[in-house]
Amino acid sequence: MSRDTEGQSSLKRACRKCKYILSEDDAKCPVCGSSDLSEEWSGIIIIVDPSAQLAEAIGAKRAGRYAIKVR
Ligand SMILES: [Zn+2]
């Protein structure tokens, strides 16, 4: 588990439903399949282990980057 507020410039959109942060070429969320995406988000939580308590707390089902706030 780690928090990182840098490197955000290379990341474009976050899923409004599960807050997963998509890579540039993802057209929809690879986690929940939603295409409800937002470019207005802030903060990054990096989930390395989806079975960790932090992952459960934010509802992360797979490893990856998640936004803390999505508008
Ligand atoms: Zn999603």
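Just so you know, all these numbers are worked out from the coordinates, no wet-lab data involved. Model, not experiment: these values are computed from the prediction. Positions of Cβ are generated from backbone atoms using ideal geometry, with glycine treated the same way; all protein chains shown enter the neighbour counts.
Just a few scattered comments:
- Matching residues, the range 21-71, being basic (Lys, Arg) and surrounded by 18 or more Cβ atoms within 10 Å (Cβ to Cβ): Arg65
- Filtering the range 43-54 to residues that are more than 11 Å from Ile21 (Cβ to Cβ) and in contact (Cβ under 8 Å) with a residue 12 or more places away in the chain leaves Val48, Asp49, Pro50, Ala52, Leu54.
- Of all residues in the range 28-59 being of a type in the set (A, V, I, L, M, F, W, C) and near the ligand (Cβ under 10 Å from one of its atoms), the one that is nearest to Ala14 (Cα to Cα): Leu37
- Filter result (touching a Phe, Trp or Tyr at 6+ places or on another chain (Cβ under 7 Å) and part of a loop (DSSP other than H, G, I, E, B)) within the range 31-71: Val31, Ala60, Arg71
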